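Below is one structure; the comments refer to it alone.
The values are calculated or read from the model by the stated rules, or taken from the named source; none is laboratory data. Just so it is clear, the model here is predicted, and its values are computed rather than measured. Because the Cβ atoms are built from the backbone with ideal geometry, glycine has one as well, and the counts that use them run over all protein chains shown.
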């Protein structure tokens, strides 16, 4: 018995050598930070998801009540999900199409390409910021720049885009699409990997540009496209700042910009339902997990890597 | 010279450290540090910081750090800090929240620091007692206010209205607003949309002899009453007197977002002390008046503390905090620095101190509160927990009615049902 245990532990002991110690020491700040500030609160929120907790009095255990209320009675929860999915389904394809189109134009080597690349990337750096959201508010309000241009060009008096529940969400979609910089850079890197011979051979065989795009560019770009889809989808689920600023934290008008994250924030920090907000956060985690898994499963049918087959 | 040697570095560091100690005036003195936290606007920040600076100048060794933020974020931050055992020493409190905070033992009962250093003997009984919870004093009223309609004086004069009678009615309002809307059609309206403000609805209920919530925190209104309220504003919108939904929906609650501040309507609905902050950002001259009356009914206005000042029960400088409140409420330098921005002071002496500083609007505010006091209804019990959520609920439902997404009846039913649920769940 003793011998067996020794045999089991010795390889583990030999794996940790003295010279590893500095390595672990250097990693310690990150590991501690992760345990204390990320993993700890995350696990705590899992516990809180089953409680009623208003910050000032101690949490009360209420079992799965938060979840039953969420799924059976909470209309704002379902509305927030609807808003988030509409936003995501519009924003991700539009942004990626835009990013790909610009990347292809840049790949052709237009003059001053580096400058344009930098310029196009700027919105991605700024886009999540408060200042841009405030600017957006100014652009799309009743007497904002957008309406002034419309009036000047077409003589049409536009509505107040951000304070009308029919159009407010689309201003946020446009704001997000405008931040196409980071997927564009990734597309550009992908495009540069595609061997030029393939296009030469195809044009000798008489393939049109259109055909080349569908038969060469897109299939060879599939892994990059897939990465961008997964990444942007997760980002879209997490979108918060623009809706918060543009609606003044209300998700209004009439909850038309109530993103899931904004609803979660309101429940936690405006209505002080920390337990319920924790439950919402975990449901969001599961939703993102499911969507990502589905994307990976579906990718088997359309994404092929060079080292496969 | 090449790189800095280690010895030079150490010597320089020691010197810098020594300088830091020498340069610090409070080194060696007993040093009391306090934090003061309030919600507000730039005008209030300026005044409060001036008062705190004046206090620190006369009390060496006391350092007060101050922090301010908008109303919405204030309660988030205060709750988070309180829960984390890190509440500020001096806490600006609202009538809406004082019961909740006091009953959870997060505020200090002030009897132990009265009458010295905190002396409220000059306060009127009403102004003093509004800070009491279960018989003990947890907050000092920083000034009284009442709801007030804030209007653009020049626009009223353009349609021939020189002054408003305290008994003016909803019909008067509809007529005046309708005429103002004709001045610059489609761009400027007579009145902003008040159907979406919880306290506007509350006022209308008070006018009909009811409080919005019962003593035990339940909804004290019927869906028919909600429908009547929505109907009132629906008519005003349809007649063109009231700004349309798109304009109303822009108002997310900050003073700069009200229709009158954005230059889109001649009337907005707020609290009397806020007229100072409204005027600070407005190009046109503003006036204040009671909300429109329903003939033969009570005014619906009550006098309440605009805000209170409380001390954290966990503060390590409670005595000093009480001295600061005393300075702000009773001593000339403090009282005059704060002025009338937080409402009309509760102490008669303090009212005299600020009198020479008042401009027209300041005097109008004092007169207003005095006039309303004569027709006021009793102060209702503080709104229950969950009332904050009702505020956002009403805004959402009223907007959906204004945008025509549902009719008045459906909107009223939705608001009533959800309000009852919110209060039950809070």
Complete set of residues in the stretch B:98-133 that are away from chain A (no Cβ under 14 Å), under 23 Å from the mean Cα position of the chain (by Cα) and assigned to a helix (DSSP H, G or I): B:110, B:125, B:126, B:127, B:128, B:129
Restricted to the stretch A:147-168 and to residues being outside any loop (DSSP other than H, G, I, E, B) and surrounded by 20 or more Cβ atoms within 10 Å (Cβ to Cβ), the residue nearest to the other protein chains (Cβ to nearest Cβ) is A:163
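Rundown of residues vs (1) away from chain A (no Cβ under 14 Å); (2) within 30 Å of residue A:257 (Cβ to Cβ); (3) touching a helix residue (DSSP H, G or I) at 6+ places or on another chain (Cβ under 6 Å), yes/no style:
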| position | (1), (2), (3) |
| --- | --- |
| B:233 | yes, yes, no |
| B:247 | no, yes, no |
| B:256 | no, yes, no |
| B:283 | yes, no, no |
| B:313 | no, no, no |
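Is it fair to say residue B:277 is modelled with pLDDT under 95 and part of a strand (DSSP E or B)? First the steps, then the outcome.
Numbers: modelled with pLDDT under 95: yes; part of a strand (DSSP E or B): no.
It is false that residue B:277 is modelled with pLDDT under 95 and part of a strand (DSSP E or B).
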Does residue B:410 satisfy the condition of being outside the structural domain of residue B:132 (by TED's automatic domain parsing), farther than 25 Å from residue A:249 by Cβ and modelled with pLDDT of 95 or more? yes
Can residue B:422 be described as assigned to a helix (DSSP H, G or I) and either over 30 Å from residue B:144 (Cβ atoms) or more than 10 Å from every other protein chain (Cβ to nearest Cβ) (or both)? no
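Results for (1) farther than 28 Å from residue B:262 by Cα; (2) surrounded by fewer than 22 Cβ atoms within 10 Å (Cβ to Cβ); (3) free of Cβ contacts under 8 Å to residues at least 40 places away in the same chain, shown as yes or no for each residue.
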{"residue": "B:189", "(1), (2), (3)": "no, no, no"}
{"residue": "B:192", "(1), (2), (3)": "no, no, no"}
{"residue": "B:195", "(1), (2), (3)": "no, no, no"}
{"residue": "B:198", "(1), (2), (3)": "no, yes, no"}
{"residue": "B:201", "(1), (2), (3)": "no, no, no"}
{"residue": "B:206", "(1), (2), (3)": "yes, no, no"}
{"residue": "B:218", "(1), (2), (3)": "yes, yes, no"}
{"residue": "B:222", "(1), (2), (3)": "yes, yes, no"}
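Could you go through the stretch B:376-386 and let me know if any residue there is part of a helix (DSSP H, G or I) and more than 8 Å from every other protein chain (Cβ to nearest Cβ).
There is no residue in the stretch B:376-386 that is part of a helix (DSSP H, G or I) and more than 8 Å from every other protein chain (Cβ to nearest Cβ).
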Going through the stretch A:253-282 in order, the residues found to be without any contact (Cβ under 8 Å) to a residue 40 or more places away in the chain and within 11 Å of chain B (Cβ to nearest Cβ) are A:265, A:266, A:267, A:268, A:269, A:270, A:271
If I ask for residues that are more than 11 Å from every other protein chain (Cβ to nearest Cβ) and part of a loop (DSSP other than H, G, I, E, B), which ones from the stretch A:237-252 would you list? A:239, A:240
Which condition does residue B:351 not pass, out of (1) buried (at least 21 other Cβ atoms within 10 Å of the Cβ); (2) touching a strand residue (DSSP E or B) at 6+ places or on another chain (Cβ under 8 Å), if it passes all the others? (1)
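Filter the stretch A:94-109 down to the residues that are surrounded by fewer than 19 Cβ atoms within 10 Å (Cβ to Cβ) and under 17 Å from residue A:175 (Cα atoms) and list them by number. Explain how you work it out, then say what you get.
So the first thing to find is which residues in the stretch A:94-109 are surrounded by fewer than 19 Cβ atoms within 10 Å (Cβ to Cβ), and the list is A:94, A:97-98, A:101, A:104-105, A:107-109.
Passing the criteria: A:94, A:97, A:98.
Condition check ((1) in a helix (DSSP H, G or I); (2) within 20 Å of residue A:246 (Cα to Cα); (3) in contact with a helix residue (DSSP H, G or I) (Cβ under 9 Å, 6 or more places away or on another chain)) across all residues:
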position	(1), (2), (3)
A:257	no, yes, yes
A:261	yes, yes, yes
A:267	yes, yes, yes
A:280	yes, no, yes
A:301	no, no, no
A:304	no, no, yes
Considering only the stretch A:156-206, state which residues are closer than 30 Å to residue A:252 by Cβ and out of contact with any helix residue (DSSP H, G or I) (no Cβ under 9 Å at 6 or more places or on another chain). A:166
Kindly check whether there is at least one residue in the stretch A:219-228 that is in contact with a helix residue (DSSP H, G or I) (Cβ under 6 Å, 6 or more places away or on another chain), within 14 Å of chain B (Cβ to nearest Cβ) and surrounded by 20 or more Cβ atoms within 10 Å (Cβ to Cβ). no
Test result for residue B:267, under 11 Å from residue B:193 (Cα atoms) and at pLDDT 90 or above: yes
Across the stretch B:387-419, which residue is surrounded by the fewest Cβ atoms within 10 Å (Cβ to Cβ) among those that are assigned to a loop (DSSP other than H, G, I, E, B) and within 12 Å of chain A (Cβ to nearest Cβ)? B:404
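So that you can scan it fast, the table gives a plain yes or no per residue for (1) out of contact with any helix residue (DSSP H, G or I) (no Cβ under 9 Å at 6 or more places or on another chain); (2) more than 14 Å from chain B (Cβ to nearest Cβ); (3) over 30 Å from residue B:314 (Cβ atoms):
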{"residue": "A:60", "(1), (2), (3)": "no, no, no"}
{"residue": "A:63", "(1), (2), (3)": "yes, yes, yes"}
{"residue": "A:68", "(1), (2), (3)": "yes, no, yes"}
{"residue": "A:76", "(1), (2), (3)": "no, no, yes"}
{"residue": "A:79", "(1), (2), (3)": "no, no, yes"}
{"residue": "A:98", "(1), (2), (3)": "no, yes, yes"}
{"residue": "A:104", "(1), (2), (3)": "no, yes, yes"}
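Return yes when residue B:72 is out of contact with any helix residue (DSSP H, G or I) (no Cβ under 9 Å at 6 or more places or on another chain) and within 14 Å of another protein chain (Cβ to nearest Cβ) and no when it is not.
Here the answer is no, as residue B:72 does not meet what is asked.
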